[in-house]
Amino acid sequence: MDVHKTYTVEEAKRKLERYCAYQERCHKEVRNKLKDMRMIPEAIDVVLVHLIQHNFLNEERFAKAFVRGKFRIKNWGKNRLVRELKFREISKYSIDEALKEIDLDDYYETLDALIVKRINMVKEKDHYKKKKKVVDYLLYRGWESHLIYEKLNAYMK
């Protein structure tokens, strides 16, 4: 992007319509993009309102797509999903709605599969060290500690 290029509000609207149509975006991403385009705060607000009114920008839709994608592709647990959405300044309501996108059976099956896979990957002889490595891995990915220990204790007596 040319640093010296200036945009009219109309040009910015068209550019950001394409930006939002390409993939779901959160308000923070779009606001940052407009700041990078050197738009003044008043123009940023005009463009954001336009994108929201014309359904290019929808916080709840973004949150749902984000949760589905990160859970399915990266196997993130709910804690990590919530943390990442909060970082993107998504409202509590939208976060709660987005988490409903995860089927609980899928959630537990995914955790089971991750535990089995990780137990087999960790080449540690000491039982407690091995368990700790598996737990640390899952906590980093945002899985709830009570679920991790409950499932892990079933696999590692």
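What follows is calculated from the coordinates using simple rules that are stated; it is not laboratory data. Just so you know, these numbers come straight off a predicted model, no measurement behind them. Glycine gets a Cβ as well: all are built from the backbone with ideal geometry, and neighbour counts include every protein chain shown.
The stretch 9-53: percent of C-alpha pairs farther apart than 17 Å? Write out the running numbers ahead of the final one.
Numbers: 146 of 990 pairs.
Cα-Cα pairs of the stretch 9-53 separated by over 17 Å account for 15 percent.
Taking only Cα atoms, what is the 0 to 90° angle, nearest 10, from helix 27-36's long axis to the longest principal axis of the chain?
Once rounded, the angle reads 50 degrees.
Within the stretch 59-101, name every residue whose backbone N is under 18 Å away from a label modeled 7 Å from Cα of D136 along the Cβ vector.
No residue passes the distance filter.
Once R0 is set to 25 Å, what does the formula 1/(1 + (r/R0)^6) return for the Cβ-Cβ distance between Y108 and K86, expressed as a FRET efficiency to the nearest 0.05? Kindly include the intermediate steps, with their values, before the conclusion.
Numbers: r = 24 Å, r/R0 = 0.96.
So the FRET efficiency works out to roughly 0.55.
How big is the C-alpha Rg of the stretch 1-122 next to the rule-of-thumb value 2.2 N^0.38 Å, as a ratio?
It is 1.32.
Of the options F71, Y19, L57, report the single residue whose Cα projects farthest towards the positive end of the charge dipole of the stretch 9-81 (beta-carbon charges: Lys, Arg +1; Asp, Glu -1).
Toward the positive end, the furthest listed residue is F71.
Compactness ratio of the stretch 59-99: Cα Rg over 2.2 N^0.38 Å, N = residue count?
After normalising by residue count via 2.2 N^0.38 Å, the value is 0.97.
Taking the Kirkwood radius as the inverse of the mean 1/r across Cα pairs, report the Rg/Rh of the stretch 84-157.
Ratio of gyration radius to Kirkwood radius for the stretch 84-157: 1.07.
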